[in-house]
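These notes concern the structure reproduced below.
The numbers here are math on the coordinates, done by the rules we state, and not lab data. All values reported here derive from a predicted model rather than from experimental measurement. Cβ coordinates were reconstructed from backbone atoms using ideal geometry, including for glycine residues, and neighbour counts include every protein chain displayed.
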Amino acid sequence: MSNETDTSNSKCVSIFQINLGKLRDTQNELINRELSDQYNIILAQEPYVHPLGHIPTPSNFCPIIPETRRDAEKGSVRSIIWVSTKLNTANLEPLGQISSNDITAICLKTGGHQITIFNIYNDCNDDKALEALDSYLQKHSLQLTGSDEDHIIWAGDFNRHHPLWDDKTETRLFTPRALNDANRLIEYMADWEMEPVLTKEEGPMLQHKVTKNFFRPDLVLCTNHSRSLFITCEVRECEQPIHTDHFPIVSMLELPSKIEQVSNNISYNYRAADWEATAGQHFKHNYGRTPPL
């Protein structure tokens, strides 16, 4: 399958999903790519957070950050969504009130349909993110799942192992504790009628840096009537940023109706400016004579 992502069709939305491992170099390398030419939405787990609190963002993207990011009890931000400025904001709604630094969400609205995308980081040692997700869905289920024209996608790093999505021959992964933890996720999937989109044939999306073993902690799940929205959902090892042990997952959705895109504002190359000439013109305009040498 071609690695080129076509964003020319305004019914299509391209999503790039990656765990950045809280690594500055990894994030810098990624955001310095020409991402807006290929992708509309970037779902990042464990982004790098500067000591002063800001999170570097790719050019031509707007960040969606958890509302609870300043709540020390909830820990550092481990989920962020970057949305291309090419998408018309009239079609987008960031979702708040999730009460977790590990979940961010947006709703795409077009032609009477809505697609809600949750970007999730689920910790290895607890289910707090899943519990926050379940609580949010219970409170807002009528708004998000009121009809068959409403779709929900869960994507992210779930840190769980189970034969349902892992290689069945990797029996070392399926300890009693691991299966018990995974069963909690499966129960939530059943409650909200979610099913896997990414197939095992697409290969693993993580290679351990030391053991070189492969794993499948990253998932893409959707409501059971939403599978037809996905044109593709694939692991792209060739687009892996430096240093991270995760491989990106790229999904292409074809929406029921077109979503309006806008042209980006002109950006200026300030490095190419003749600042001496510009300063001279400014001085002459204000003082009626050329500046002294």
Review point. Which angle between 0 and 90 degrees, to the nearest 10, do you get for helix 275-287 versus the longest principal axis of the chain when only C-alpha atoms count?
Key: 50 degrees
Check your understanding: What number, in percent, do you get for the relative contact order of the chain if the mean sequence gap of Cα pairs under 8 Å and at least 6 apart is divided by its residue count?
Key -> 20 percent
Point to revise | Residue with peak Gaussian network fluctuation, the chain [Cα springs, cutoff 10 Å], from Leu52, Leu142, Leu229 | key: Leu52
Review point. Around Asn183, what is the net charge, scoring Lys/Arg as +1 and Asp/Glu as -1 over all other residues with Cβ under 12 Å from its Cβ?
Key: 0
Review point. Under the classification rounded if a/c is under 1.5, otherwise prolate if a/b is larger than b/c and oblate if not, where does the chain fall, given a ≥ b ≥ c as square roots of the Cα gyration tensor eigenvalues?
Key: prolate
Point to revise | Total formal charge among the other residues, if their Cβ is under 13 angstrom from that of His50, Lys/Arg +1 and Asp/Glu -1 | key: +3
Study note, to complete from the structure: Other residues with Cβ under 14 Å from the Cβ of Pro66 give, with Lys and Arg +1 and Asp and Glu -1, a net charge of 0
Point to revise | Selected from Pro204, Leu23, Leu92, residue furthest toward positive end of dipole (the chain; charges at beta carbon) | key: Leu23
**Study point:** Angle in degrees between helix 176-191 and the longest Cα principal axis of the chain, rounded to the nearest 10
**Key:** 70 degrees
Revision key, fill the gap. Comparing Glu34, Glu46, Glu195 in a Gaussian network model of the chain (Cα, 10 Å), the one with the largest mean-square fluctuation is Glu34
Practice item. Mind scanning Lys22/Lys200; Lys11/Lys109; Lys109/Lys258; Lys74/Lys128 and naming the pairs with a C-alpha gap bigger than 19 Å? Key: Lys22/Lys200
